[in-house]
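Each remark here refers to the structure printed beneath this line.
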Amino acid sequence: MPLKYSIMVQVENLTYDYPSHRALHGLTFSIPSGSITALVGPNGAGKTTLMRCMAGLTRPLTGTIMINGTDVLEEPRKVHRQIGFLADFFGLYDKLTIYQALTYFAKAHEVPNNEVDKRVTSIIERLHLTDKTHSDIGHLSRGMKQRVAIGQTMVHNPQFLILDEPASGLDPEARHDLANLFKELNKDGITLLVSSHILAELDEYSNNLVIMREGKIVDNDFFEQKNTNSRHLLLKLTQANGNLKSILETHELISNIDCTETTAAFNFGGTETQQAELMMLLIGKGLSVLSFAEEKVNMQDKYLDTIKQKNN
Ligand code: ATP
């Protein structure tokens, strides 16, 4: 992890045992501030156990978890004021209205009385539930209940949200809305950790990937190009050109070149205008450019590759 990013979560040597089963085997990893981290892995990998440890709800055998500089095991109450946690199976008060439930959670989290109404109303708006403000939660659809549950986790303005399978059971439109909500919250500076089995959607909103398997971290990738000018570009030529690599190597904004005779993948640290200039330069040097575009890192492929490698 590059040091230029500040760290929201630092986990060191985390081990968790159930009575007859070791669920986490000495995990060490960090989560950059301002990221949306996707936590993925097969059933039983240990995602829920890890999230519960991070939320201070269960005590590991060994290890430390620092969230925003505070030790979860030493000062869980302080950490609870800074985080929101959505459990995989969450409970809601069916007989309360959305407004009542969020007000209750705001007060439980010690939001000052004179701010509660404003905070609750703004969360209801943000979750697109305004027309249901005074409806009983028991009468809402599953997707709406999911949004209320997320609202309850963020009513005290946490800096870090831990969401265990928030999209499970939602229809495609509701999942799309949820992805947009994550992006909006992230723009407001909130760091998110989201576990999910819906890999195709991870690309849409996450920029950090943590892959778990059998209680271990098997991969942790921070896709920094989503947050910076650095992009991964893929160049394809219609015919072989032996000069391709040497032309690219002399360009000061290009790094990490991976070439065949007719393709080149590389990192480009320039603006879009500079990218257009690079294209003109390549054509000017006589390269028969077929295509030249940003290559998005596909988390789904990355996940499946990683899991397959570990199976072999
Ligand atoms: P899923 O994707 O199915 O939700 P997960 O990655 O969240 O799985 P965990 O629920 O953390 O995985 O479970 C990790 C391991 O710990 C599994 O082998 C599971 O059987 C075991 N486990 C979970 N809860 C308990 C428990 N209460 N007692 C004993 N073992 C448990």
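Any read-out appearing in this document is the output of simple, stated calculations on the displayed coordinates, not a laboratory observation. Just so you know, these numbers come straight off a predicted model, no measurement behind them. Neighbour counts are summed over all protein chains in view; Cβ atoms, including those assigned to glycine, are modelled from backbone coordinates with ideal geometry.
Backbone geometry of the stretch 160-174 corresponds, through the Karplus equation with coefficients 6.51, -1.76 and 1.60 at θ = phi - 60°, to 3J(HN,Hα) couplings of 9, 10, 10, 10, 8, 6, x, 9, 5, x, 8, 6, x, 5, 5 Hz, x marking Gly and Pro. Considering only N157, N43, N241, the Gaussian network model of the chain with Cα springs below 10 Å gives its largest mean-square fluctuation to N241.
Under 5 Å from the amide H of N208 lie the amide H atoms of I36, A38, F223, each residue being 5 or more positions distant or on a separate chain, with H modelled from the backbone and absent for Pro and chain starts. Taking other residues whose beta carbon is less than 10 angstrom from the beta carbon of Y16, and scoring Lys, Arg as +1 and Asp, Glu as -1, yields +2.
The phi-based Karplus calculation (6.51 cos²θ - 1.76 cosθ + 1.60; θ = phi - 60°) puts the 3J(HN,Hα) values of the stretch 261-278 at 5, 10, 9, 8, 10, 7, 8, 10, x, x, 7, 5, 4, 5, 5, 5, 5, 4 Hz, whole numbers, x for Gly and Pro.
Helical runs (DSSP H, four residues minimum) scored at -39500 (n - 2.57) apiece and divided by the length of the chain put the mean residue ellipticity at 222 nm at -10500 deg cm²/dmol.
With contacts taken as Cα pairs under 8 Å and at least 6 residues apart, the chain reaches a relative contact order of 19 percent. Can you tell me the relative contact order of the stretch 231-296? Whole percent, Cα pairs under 8 Å, sequence separation 6 or more. So the answer I get is 48 percent. Across the stretch 28-173, Cα pairs under 8 Å and at least six residues apart give a relative contact order of 28 percent. GNM on the chain, alpha-carbon springs under 10 angstrom: the most fluctuating residue among S30, S20, S195 is S20. Per-residue Karplus couplings for the stretch 135-140, computed as 6.51 cos²θ - 1.76 cosθ + 1.60 with θ equal to phi - 60°, are listed in order as 8, 5, 4, x, 9, 8 Hz, Gly and Pro entered as x.
Hey, in the GNM for the chain with a 10 angstrom Cα cutoff, which one of T28, T238, T37 fluctuates hardest? Most flexible of the set in this elastic network: T238. Are any of the pairs K118/K187; K95/K118; K78/K216; K47/K183; K47/K308; K95/K183 more than 26 Å apart by Cα-Cα distance, and if so, which? Violating the 26 Å limit, Cα to Cα: K78/K216; K95/K183. Taking amide H as placed 1.01 Å from N in the peptide plane, the amide H of L86 sits under 5 Å from that of I162, L163, D164, each at least 5 places away or on another chain.
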